[in-house]
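Heads up, the thing below is written out as structure tokens.
Only the coordinates and a few stated rules stand behind these numbers; no lab work does. Just so you know, these numbers come straight off a predicted model, no measurement behind them. Backbone-built Cβ (ideal geometry, glycine too); neighbour counts: all protein chains shown.
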Amino acid sequence: MSKKQENKIGLDFKTDWAYAPAPEDTKHITLQKQYDLFIDGKFVKPNSKKYFDTINPATEQKIAEVAEADEKDVDKAVKAARKAFEKWSKISAKERGKYIYRIARLMQERAREFAVIETMNGGKCIRESRDIDVPLAANHFFYNAGWADKLEYAFPNRNPQPLGVAGQIIPWNFPLLMAAWKIAPALAAGNTVVLKPAETTSLTALKLAELFRDSGLPDGVVNIITGAGKTGAAMVNHPDINKIAFTGSTDVGKMIQKSIAGTDKKLTLELGGKAANIIFEDAPIDQAVEGVINGIFFNQGHVCCAGSRLFIQESVADIVIRKLKDRMESLIVGDPMDKNTDIGAINSKEQLLKIQEYIKIGKNEGADFYQSSCAIPSKGYYCRPTLFLNASQSHRIVQEEIFGPVLTIQTFRTIEEVIEKANNIAYGLSAGIWTDKGSKIFNISSKMRAGVVWANTYNKFDPASPFGGYKESGFGREGGLHGLMPYLKF
Ligand code: ADP
């Protein structure tokens, strides 16, 4: 294996799409100076005439201005979606499917542009945008397109019907992918959409709006509005939205749930996580260490299902920790546009400060701090891969979601002990198990209060498999047939 291959975070993801944009390719991607709202098939100025800056977190430079939608813009978008719903829900399901297939194909054709913009606006490594985010986003459209005219077979004797207008609010960690996760099933089920990307990462959603326009998708079927929390709240409170799909922090998720209590809006919430990644003494150690690295450092740790709590069986703790530290030293932190970079930029200054605050908290709580010695650029928001050894269950760094490249490590002796510790937390989104024994996998995965349990792998995603949480990680599933259900009434 070459040195370069070795340095890659070990994502087990195969794609036949093998374009690698060179850094200089950014020169050929032209961004607009200003981005408007996409309502009723057209780009329109915001009512307030206000725009906010969007930056490249790798350089701290402003790259464009984005429109700030207020309540009037939200209302305009909802009205367009309502009008479009009357037609969209009535065209043949086969036709609907064709539009969605076309979107998927166009996304593949423009994959390079999407990947570069995703990296410029969000800070994630180009290798991940290119090999994971964009192809997977296209796959969500392909997968759901296939269901559009098969819903009656998927849900036999249940007469599935669309809900109406879906309001979708997404976060900044996987901007394009989250848009695809939300828009594709909503359209396949016959709904129309008003989607709001996160305020730090609006650009690929707006690129997607161009693609909808170019695909010939009827006006108003998907509307993209931009803005921060106030814009999101205006969507949540709009009386003519039938469903809210939210991915983001648990705090905002709770606020949304309170806001819509007593209305007939449907709701799905995909919130925070603090996953246990458990290594047993019989695990293939090298493979497990790769899985731990991928589990926490993929996408700078900005992953709600990140394996942020490592549990190692005591007898193998020393060797696992030694290998983990060695492997961390080989990770390259820096320019996300460089194909060799493993850990790109933290998405925003605010998030970097939050991560730094948690590092301080961890040190004060008495856990043993370890960081790789890699160089980081002087400009931009970066954080070295970080470990906290000898962490304990009561530490805040163990209980709270950090959403950065920070891993806590605890050891355990028995299966019962680790199951109790893994579950003794407010979240329940995902978990990982590393062992040679199939029986142990079945035993533990059935006892884990987590929506997704990976065994001998981590962060493996597929449009056909459902994803979602328990407890404070939210409710409702996205992906697979389960992901279509929240967009249907029966
Ligand atoms: P994070 O903490 O990861 O930034 P947030 O939950 O704050 O996550 O943001 C996720 C999404 O929710 C973003 O699109 C953001 O603009 C939106 N948002 C933030 N506050 C609210 C709110 N009060 N109501 C609706 N949406 C909101």
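This table checks each residue for (1) out of contact with any Gly (no Cβ under 8 Å at 6 or more places or on another chain); (2) among the aliphatic types (A, V, I, L, M).
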{"residue": "Ala67", "(1), (2)": "no, yes"}
{"residue": "Asp70", "(1), (2)": "no, no"}
{"residue": "Val74", "(1), (2)": "yes, yes"}
{"residue": "Ala80", "(1), (2)": "no, yes"}
{"residue": "Glu86", "(1), (2)": "yes, no"}
{"residue": "Arg96", "(1), (2)": "no, no"}
{"residue": "Leu106", "(1), (2)": "yes, yes"}
{"residue": "Arg110", "(1), (2)": "yes, no"}
{"residue": "Ile117", "(1), (2)": "yes, yes"}
Legend entry - Test: residue in the range 346-355 that is within 16 Å of the ligand (Cβ to nearest atom), in contact (Cβ under 8 Å) with a residue 40 or more places away in the chain, of a type in the set (A, V, I, L, M) and in contact with a Leu (Cβ under 9 Å, 6 or more places away or on another chain): yes
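Residue by residue, here is whether (1) in contact (Cβ under 8 Å) with a residue 12 or more places away in the chain; (2) closer than 25 Å to Ala115 by Cβ; (3) touching a helix residue (DSSP H, G or I) at 6+ places or on another chain (Cβ under 8 Å) holds:
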{"site": "His302", "(1), (2), (3)": "yes, yes, yes"}
{"site": "Ala306", "(1), (2), (3)": "yes, yes, yes"}
{"site": "Ser315", "(1), (2), (3)": "yes, no, no"}
{"site": "Met328", "(1), (2), (3)": "yes, no, yes"}
{"site": "Thr341", "(1), (2), (3)": "yes, yes, yes"}
{"site": "Gly344", "(1), (2), (3)": "yes, yes, yes"}
Inset, instruction - Tell me which residues, restricted to the range 211-237, are within 22 Å of the chain's Cα centre (by Cα), in a helix (DSSP H, G or I) and more than 9 Å from the ligand (Cβ to nearest atom). - result: Leu211, Phe212
Legend entry - Out of Pro197, Pro171, sole residue that is surrounded by fewer than 24 Cβ atoms within 10 Å (Cβ to Cβ), within 14 Å of the ligand (Cβ to nearest atom) and under 21 Å from the mean Cα position of the chain (by Cα): Pro171
Legend entry - Any hit, the range 397-419, residues being farther than 20 Å from Ala288 by Cα, in contact (Cβ under 8 Å) with a residue 40 or more places away in the chain and either more than 16 Å from the ligand (Cβ to nearest atom) or part of a helix (DSSP H, G or I) (or both): yes
Inset, instruction - Select from the range 208-223 the residues that are of a type outside the set (A, V, I, L, M, F, W, C) and buried (at least 23 other Cβ atoms within 10 Å of the Cβ) and write down the one among them that is farthest from Arg112 (Cα to Cα). - result: Gly220
Inset, instruction - State yes or no: is Lys254 assigned to a helix (DSSP H, G or I), among the charged types (D, E, K, R), touching a Leu at 6+ places or on another chain (Cβ under 9 Å) and within 15 Å of the ligand (Cβ to nearest atom)? - result: yes
Legend entry - Filter result for Ser373 (exposed (fewer than 13 other Cβ atoms within 10 Å of the Cβ) and of a type in the set (Gly, Ala, Ser)): yes
Inset, instruction - Name the one entry in Ser315, Ser308, Ser249 that is in contact with a Lys or Arg (Cβ under 7 Å, 6 or more places away or on another chain) and polar (S, T, N, Q). - result: Ser308
Legend entry - Failed item in (1) within 22 Å of Lys254 (Cα to Cα); (2) touching a Phe, Trp or Tyr at 6+ places or on another chain (Cβ under 8 Å); (3) surrounded by 22 or more Cβ atoms within 10 Å (Cβ to Cβ), with Lys471 passing the rest: (3)
Legend entry - So Asp53, is it in contact with a Lys or Arg (Cβ under 6 Å, 6 or more places away or on another chain) and among the charged types (D, E, K, R): yes
Inset, instruction - Check Glu109, Glu128 and return the single one that is away from the ligand (no atom under 16 Å from the Cβ), more than 16 Å from the chain's Cα centre (by Cα) and acidic (Asp, Glu). - result: Glu109
